[in-house]
């Protein structure tokens, strides 16, 4: 029984060291974004620089509350996704999208946001998906 407990303890410690080691490679812009909008515990930071398919996605951060953040190689946020329908702070979104949401969906919570080259998408907790252009201007309900 002691071996099982000790093994579990060492596994958790090594996991913590792994996450901290990778945090050093995370761009300061990404670190600032996380501190400003998601001050919860960071569980894992993974550098995806070897992924050939996802060339514009370099860092993936998984938070303890079930939210995943993806950053490009320059540290810019490109996706915020909730695994368990955890609410995403509206302040983490671009200002034009915040204004649109406050006017048109004030009572609905955001559970996903993704930025691509020419568009952005928002997923709301009520199942509605909204599409915006690259500058944050509303296009359509998807």
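Would you confirm whether any residue within segment 69-89 is at pLDDT below 95, surrounded by fewer than 19 Cβ atoms within 10 Å (Cβ to Cβ), part of a loop (DSSP other than H, G, I, E, B) and over 14 Å from the mean Cα position of the chain (by Cα)?
yes
With respect to residue 123, determine if the residue is under 17 Å from the mean Cα position of the chain (by Cα), outside the structural domain of residue 37 (by TED's automatic domain parsing) and either assigned to a loop (DSSP other than H, G, I, E, B) or buried (at least 16 other Cβ atoms within 10 Å of the Cβ) (or both).
Working: under 17 Å from the mean Cα position of the chain (by Cα): yes; outside the structural domain of residue 37 (by TED's automatic domain parsing): yes; either assigned to a loop (DSSP other than H, G, I, E, B) or buried (at least 16 other Cβ atoms within 10 Å of the Cβ) (or both): yes.
Yes.
Here is a check on your reading of the model: is residue 107 outside any strand (DSSP E or B) and in contact with a helix residue (DSSP H, G or I) (Cβ under 9 Å, 6 or more places away or on another chain)?
Spelling it out, it is not the case that residue 107 is outside any strand (DSSP E or B) and in contact with a helix residue (DSSP H, G or I) (Cβ under 9 Å, 6 or more places away or on another chain).
The values are calculated or read from the model by the stated rules, or taken from the named source; none is laboratory data. Since we're looking at a predicted model, the values are computed, not measured. Methodologically, a virtual Cβ is constructed for each residue, glycine included, from the backbone with ideal geometry; neighbour enumeration extends over all protein chains shown.
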